[in-house]
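Undergrad: Below: one structure in C-alpha cells.
The values are calculated or read from the model by the stated rules, or taken from the named source; none is laboratory data. Bear in mind that the values here come from a model prediction, so they are computed numbers and not experimental data. Neighbour counts run over all protein chains shown; Cβ positions are idealised from the backbone, glycine included. Ligands, DNA and RNA are stripped out before the accessible areas are found, and what is left, the full protein with its side chains, is counted by its heavy atoms. Shrake-Rupley method; radii C 1.70, N 1.55, O 1.52, S 1.80 Å.
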Amino acid sequence: MTSDEIVKTKVDLLKAELTLSDSKMRSIVDRLWQIRALCGTIWSALVAIGLGAGTGDRKPLPELLWLSAFVPIWFAWIDSSYQRW
C-alpha cells in the first residue's frame, strides 16, 4: 500500500467511527428526553391526583403530594446516571 492509500483508509475509518459516535449520541439524547417527558407526565399526574382531581369528593391526598415531591429527585438521579453513560 502506498502512503496515499493508507491515509485514505484511515480517513474512511475515521468517517465511519464519527458516524457511529453520532448515532450513539443521538440515541442517548433521545432516551434522555423520553426519560424527562416520562418524569413530567408521572409528576403532573401525581400532583393532580394528590390535589383531588381523581377522587369523587375532590379531597386532597397528602400522601400522594408527598410522594410527588420525591419523583423529580428520583428521575433526576436516573437522568444524571444516564447522562454520565
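Undergrad: State the number of residues belonging to the stretch 36-53 that are within 19 Å of the chain's Cα centre (by Cα), among the β-branched types (V, I, T) and surrounded by 15 or more Cβ atoms within 10 Å (Cβ to Cβ). Give the steps one after another, and end with the answer.
TA: Step one: list which residues in the stretch 36-53 are within 19 Å of the chain's Cα centre (by Cα), which gives 36-45.
Narrowing the set further to residues that are among the β-branched types (V, I, T) leaves 41-42.
Narrowing further to those that are surrounded by 15 or more Cβ atoms within 10 Å (Cβ to Cβ): 42.
Result for the stretch 36-53: 1.
Undergrad: Turning to a different aspect of this structure: Among the residues of the stretch 9-16, is any on the phi < 0 side of the Ramachandran plot, open to solvent by 90 Å² or more (accessible area, probe 1.4 Å), at pLDDT below 90 and hydrophobic (A, V, I, L, M, F, W, C)?
TA: In the first step, residues of the stretch 9-16 are kept if they are on the phi < 0 side of the Ramachandran plot; the result is 9-16.
Then drop every residue that is not open to solvent by 90 Å² or more (accessible area, probe 1.4 Å), which leaves 10, 13-15.
Then keep just the ones that are at pLDDT below 90; that gives none.
No: zero hits.
Undergrad: In the set R58, R31, R26, which member is open to solvent by 70 Å² or more (accessible area, probe 1.4 Å) and touching a residue at least 40 places away in the same chain (Cβ under 8 Å)?
TA: R31
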